[in-house]
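The values are calculated or read from the model by the stated rules, or taken from the named source; none is laboratory data. Everything quoted here is computed from the prediction, not taken from an experiment. Cβ atoms come from the backbone with ideal geometry, glycine included; neighbour counts cover every protein chain shown.
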Amino acid sequence: MSIFATFVSSISFLALPGNAYLSNWNGFVFSLSIPFAAWIAVNYFVPLYRNLKSESAYYYLETRFGSWARIYASICYLLTQLARMGAIMYLLALPMNALFGWSIPVIIICTGISVIVYAMLGGIEAVIWTDAIQGIILIAGALLCLFVILFSMPNGPGEVITIAAEADKFSLGSFKFNFVESTFWMILIYGLFINLQNFGIDQSYIQRYISAKTEKEAVKSTWLGSLLYVPVSLLFFFIGTALFSYYQVFPDLLPSELHLAQNADKVFPYFIVSGLPKGVTGILIASIFAAGMSTVSTSINSSATVFLSDHYRKYIHKNATDKQSMRVLFISSFIMGGLSIVVGLAFNGVTSALEAWWALSSIFSGGILGLFLLGFVVRKTSSKAAAIGVLCGVIVIGWMSLSPIVLSGTDFEGFQNTLHTNLTIVMGTLTIFIVGFLLTYFIFNKKKSTEL
């Protein structure tokens, strides 16, 4: 349940319904890849991390390729966590803005301070215990919300299905092999890579593997979290679709500005505040904050642990006492929390929080999944081959991310990336793995044979 609650955040609670309300169920394809990623994790990654004598997910990279790999991976992880926490803090502000009319930036700052204190005082064990409770609250709140929407329809719950089907809201996207647009295959491939990264090398998940009393418990928790998230994410998409049907029947209940595409994320919070009884509103807002605090607090704790293990104890103070280590954890938690508030403020005004988060996570991943797979699968890979692979991967990621901005409108416009932004993690991962593999077997291995 703890891993499930970490997966589910206000990104799920608000961004998924917003995405379904705006378009269709194309985003749900992302969830379909989770069980396969979990299968790989429980068979390969869980045993690996439980056997390592380090709380850092990146210790393994150091043993394979040297300290540079550990530093690179940990920096990518910290950047990804900042993007995740910023997106969540922004989404947490939406229902409070709808309820009280408070400024979104002010809500982000206040929420951020609260979560920082929560994470710093509790630690990872407190996060795990509260995660389980918050996960239950979240599911109950979402089910209650859907129940109210369905039975508010004049002609009964079936009217939701009828209206949505006529508008093709249940579509999973085009099945054409088009990687420029958000097709079924593009989202499936992106989901597979990002979920492999989540279950396989995300510090937030690794801490849960290590915290479990036995390997069997870690495996059980991973399967429970992954299998439970699929129907729950479907629930959130159905809520967004139900909201579409609801406001087709009652268009006057939705303010004119919320009919705009860039405000789709705000529709569900508005319904929570205006379309539900006050008691139900309180429960749902509590559910949203429970989910958001769960993920942000986990990210803060995990990020602080990464900084302590991969940077402070490694390069700054190798013989740090427990007291000094705790002080560093507190300070780094505070800094990461503060930076996440800044990122949350930057999210204010984006068209779609879900798409913005997916794009940033794809870029900031830095292709570290490819580095892990290179070390895990290709046993003969040397540090030099891996480093060249990472360099090539960074170049590809930089080109895919920046070329549409830098080259647009110039004489070199024809050289800009035309692939979908979400494929950045796919291309970065494949580049690192393929380059490292080819160098290992056709260059460096050949040189060794010649020398012999």
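Filter the stretch 323-364 down to residues that are polar (S, T, N, Q) and not in a loop (DSSP other than H, G, I, E, B) and give me whichever is nearest to Ala15 (Cα to Cα).
The qualifying residue nearest to Ala15 (Cα to Cα) is Ser361.
Residues checked against (1) more than 23 Å from Gly173 (Cα to Cα); (2) assigned to a helix (DSSP H, G or I); (3) modelled with pLDDT under 85; (4) not charged (D, E, K, R):
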{"position": "Phe238", "(1), (2), (3), (4)": "no, yes, no, yes"}
{"position": "Thr241", "(1), (2), (3), (4)": "no, yes, no, yes"}
{"position": "Asp252", "(1), (2), (3), (4)": "yes, yes, no, no"}
{"position": "Leu258", "(1), (2), (3), (4)": "yes, yes, yes, yes"}
{"position": "Ile272", "(1), (2), (3), (4)": "yes, yes, no, yes"}
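Regarding Lys318, is this residue within 29 Å of Ile71 (Cβ to Cβ) and not in a helix (DSSP H, G or I)?
yes
What number of residues within the stretch 87-112 are surrounded by fewer than 20 Cβ atoms within 10 Å (Cβ to Cβ), over 18 Å from Asn263 (Cα atoms) and touching a residue at least 12 places away in the same chain (Cβ under 8 Å)?
Qualifying residue count, the stretch 87-112: 1.
Can you pull out the helices (runs of 4 or more DSSP H) entirely within the stretch 20-103 that have at least 1 residues that are more than 30 Å from Thr440 (Cα to Cα) and small (Gly, Ala, Ser)?
29-32, 67-100
Among the residues that make up the stretch 114-124, is at least one of them more than 22 Å from the chain's Cα centre (by Cα), at pLDDT 90 or above and not charged (D, E, K, R)?
no
Among the residues in the stretch 152-165, are any part of a loop (DSSP other than H, G, I, E, B), modelled with pLDDT of 90 or more, outside the structural domain of Phe376 (by TED's automatic domain parsing) and of a type in the set (Asp, Glu)?
Checking the stretch 152-165: not a single residue is part of a loop (DSSP other than H, G, I, E, B), modelled with pLDDT of 90 or more, outside the structural domain of Phe376 (by TED's automatic domain parsing) and of a type in the set (Asp, Glu).
So, in the stretch 209-236, of the ones that are in a helix (DSSP H, G or I) and of a type in the set (Ser, Thr, Tyr), which residue ends up modelled with the highest pLDDT?
For the stretch 209-236, the residue satisfying everything is Ser233.
If we only count helices (runs of 4 or more DSSP H) wholly inside the stretch 366-452, which ones have 2 or more residues that are hydroxyl-bearing (Ser, Thr, Tyr), more than 17 Å from Gly66 (Cβ to Cβ) and not assigned by TED's automatic domain parsing to the domain that holds Tyr59?
383-406, 424-439, 445-451
Determine which single condition Ser10 fails, assuming it passes every other condition in (1) modelled with pLDDT under 85; (2) more than 25 Å from Ala290 (Cα to Cα).
All conditions pass for Ser10, except number (2).
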